[in-house]
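S.K.: Just dropping this structure here.
Read-outs: derived from the displayed coordinates by stated rules, not from any lab. Note that the structure is predicted; figures quoted are calculated from it, not measured. A quick note on method: Cβ atoms are made from the backbone with ideal geometry, for glycine too, and the neighbour counts reach across all protein chains shown.
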Amino acid sequence: MFDRGRSVIDATLAAHDGRWFFAVEDDRCADRPGTPFRALRVCSLATATGPVHAVSELVTSPRTEAPCLFPAVGQWLTFFDHFAEGTCGAAIGVGGRD
């Protein structure tokens, strides 16, 4: 379903108004401070099995993982783990984007 040349982990999929949203950790580099990746991207899908459309730029800071998408009153919330800092984060919208 996703780009086979891209290393991804920690994916989550959620349906909303006939569309699917996919949030995933871009895992293309080693886990070290200053890494340009190891952060979340989002995209939309017409069906749960793809194809994937419009993969976003990074929507969280580097060294974040484990996205969870939750519907809230009139909006979506995205929760994620700031694993290097030992904290969690949240954003309004799918991956911080409405």
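S.K.: Put +1 on the Cβ of each Lys and Arg and -1 on the Cβ of each Asp and Glu in the chain; which of Pro51, Ile92, Ala72 then has its Cα farthest toward the positive end of the dipole?
M.R.: Pro51
S.K.: Something else now. Mind computing the radius of gyration and Dmax over the alpha-carbon atoms of the range 1-65? Å is fine for both.
M.R.: 12.1, 39
S.K.: Once you have a ≥ b ≥ c as the square roots of the Cα gyration tensor eigenvalues for the range 30-98, tell me rounded if a/c is under 1.5, and otherwise prolate or oblate according to whether a/b is larger than b/c. Please list the in-between numbers first.
M.R.: Working: a/c = 2.42, a/b = 1.36, b/c = 1.78.
It is oblate, given that a/c is not under 1.5 and a/b is not larger than b/c.
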